[in-house]
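The values are calculated or read from the model by the stated rules, or taken from the named source; none is laboratory data. Just so it is clear, the model here is predicted, and its values are computed rather than measured. We place every Cβ from the backbone using ideal geometry, glycine too, and count neighbours over all the protein chains shown.
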Amino acid sequence: MKSLIKSLNWIGWLSGVIGLLFVLLGLIQAFVTGRFNPETELVNYFHAANSFFLFGITLSVYLFRCERKQE
């Protein structure tokens, strides 16, 4: 069980890092193309980052609840 929790913790952190990479890619794309006005739609980097952040948050909450149950 400890190895599963440790693996889920690593997956949560990795998901957060991947989300940050998508945010950076989206910002780079916005700077390169000059698409900061609201009428243009950026590539879905920010939507993908949102998904990775939500996955990381969900794993963190799950792990927090598992730790509370073990105490």
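Within the stretch 23-52, how many residues are of a type in the set (Gly, Ala, Ser) and modelled with pLDDT under 85? Give the derivation first.
Of all residues in the stretch 23-52, those of a type in the set (Gly, Ala, Ser) come to 26, 30, 34, 48-49, 51.
Now narrow it down to the ones that are modelled with pLDDT under 85: 26, 30, 34, 48.
The number of residues fulfilling the criteria is 4.
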Next item on the list: State the number of residues belonging to the stretch 11-36 that are free of Cβ contacts under 8 Å to residues at least 12 places away in the same chain and of a type in the set (Val, Ile, Thr).
Entry: 4
Check: Can Leu20 be described as modelled with pLDDT under 90 and among the aliphatic types (A, V, I, L, M)?
Finding: no
